[in-house]
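The values are calculated or read from the model by the stated rules, or taken from the named source; none is laboratory data. These figures come from a predicted structure and were not determined experimentally. Note: ideal-geometry Cβ built from the backbone for every residue, glycine included; neighbour counts use all protein chains shown. Surface areas here come from the heavy atoms of the whole protein model, side chains and all, with no ligands, DNA or RNA. Shrake-Rupley method; radii C 1.70, N 1.55, O 1.52, S 1.80 Å.
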Amino acid sequence: MRTNPAIQAAIDLTAGAAGGTACVLTGQPFDTAKVKMQTFPSMYKGLIECIVKTYKQVGLRGFYKGTTPALVANIAENSVLFMCYGFCQQIVRGVVGLDRKAKLSDLQNAAAGSFASAFAALVLCPTELVKCRLQTMHEMQLSGKITQGHNTVWSVVKSVIQKDGPLGFYHGLSSTLLREVPGYFFFFGGYELSRTFFAAERPKDQLGPIPLMVSGGFGGICLWIAVYPVDCVKSRIQVLSMSGKQAGFMGTFANILRNEGVFALYSGLKPTLIRAFPANGALFLAYEYSRKMMMEQVDTY
């Protein structure tokens, strides 16, 4: 590989952006259902009821509320995630005493992905806050928590700045970090383990699109099963902070357990797991193929 670190970082960043775009376009309706059910579990008894009610009340467009910030969030997150993933792989090689070009084990790749996710969380938190608020604006008005909703990205951004200042975009940052760091250990670990299974004796970079998509989907399932309750708490904090100051992670977590029970922490899990396979499969397929194409182009010069 003749690429220098700067070119390699640019390739990883661009490939990550392509993966993030594919992820959102594939899974946005299920993500909307997930956030609605997490934040207002008493309004929806299940996924089907959530889909039917949303369609009746606001139509098909209701499932795509927050798509613009979701695209920004996922492009930003995955660009930073995969760019930092390459750097963190080098750090892991240094820590364990491997050569710069040595192959990492699946466990070492999982650790590198976990480290990289901490950087991605810093760009993800503000955009995800805007996305979650747009997705649940209708429910916030129905429940009487707010009197007037905001229907555009700019109106939500303006309201955050007016009410809480720039730091208002980081409501739920601690929850985001608590989700991302362990979650991406399982995400990259599950992805690499699955690729190892499919590759057998072949190099992993020779896998076709179906094994890549299945591996990506498996990684997504591993992530959400591991950290879903943390994501539920994060969504509550980011959405309900529209109506007033919320308790921190532990306070919100304790309130949900005390008032709604442990199963409330898993509200919306079904659409999340349904979404995880196609969305994360598309993410890794777009990432791996765009990265491979760019690397081949660079190597020809």
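Tabulated values for the structure
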item: Residue that is modelled with the highest pLDDT [pool: residues in the stretch 1-23 that are open to solvent by 60 Å² or more (accessible area, probe 1.4 Å) and assigned to a loop (DSSP other than H, G, I, E, B)]; result: Asn4
item: Matching option when the condition is under 16 Å from the mean Cα position of the chain (by Cα), modelled with pLDDT of 85 or more and farther than 29 Å from Lys270 by Cβ, among Leu122, Leu98, Leu81; result: Leu122
item: Among the residues listed as Ala73, Ala112, the single one being in contact (Cβ under 8 Å) with a residue 40 or more places away in the chain, closer than 21 Å to Ala279 by Cβ, open to solvent by less than 10 Å² (accessible area, probe 1.4 Å) and touching a helix residue (DSSP H, G or I) at 6+ places or on another chain (Cβ under 9 Å); result: Ala73
item: Residues within the stretch 24-58 that are within 17 Å of the chain's Cα centre (by Cα), closer than 27 Å to Thr252 by Cα and open to solvent by 60 Å² or more (accessible area, probe 1.4 Å), tallied; result: 1
item: Residue check for Ala276: open to solvent by less than 60 Å² (accessible area, probe 1.4 Å) and of a type outside the set (Lys, Arg); result: yes
item: Whichever residue in the stretch 156-208 is of a type in the set (Gly, Ala, Ser), free of Cβ contacts under 8 Å to residues at least 60 places away in the same chain and part of a loop (DSSP other than H, G, I, E, B) and, among such residues, is nearest to Ala121 (Cα to Cα); result: Gly165
item: Hits in the stretch 95-106 - residues which are open to solvent by less than 60 Å² (accessible area, probe 1.4 Å) and either of a type in the set (Phe, Trp, Tyr) or in a helix (DSSP H, G or I) (or both); result: Asp106
item: Breaking point among (1) more than 22 Å from Gly183 (Cα to Cα); (2) open to solvent by 10 Å² or more (accessible area, probe 1.4 Å), for Met213; result: (1)
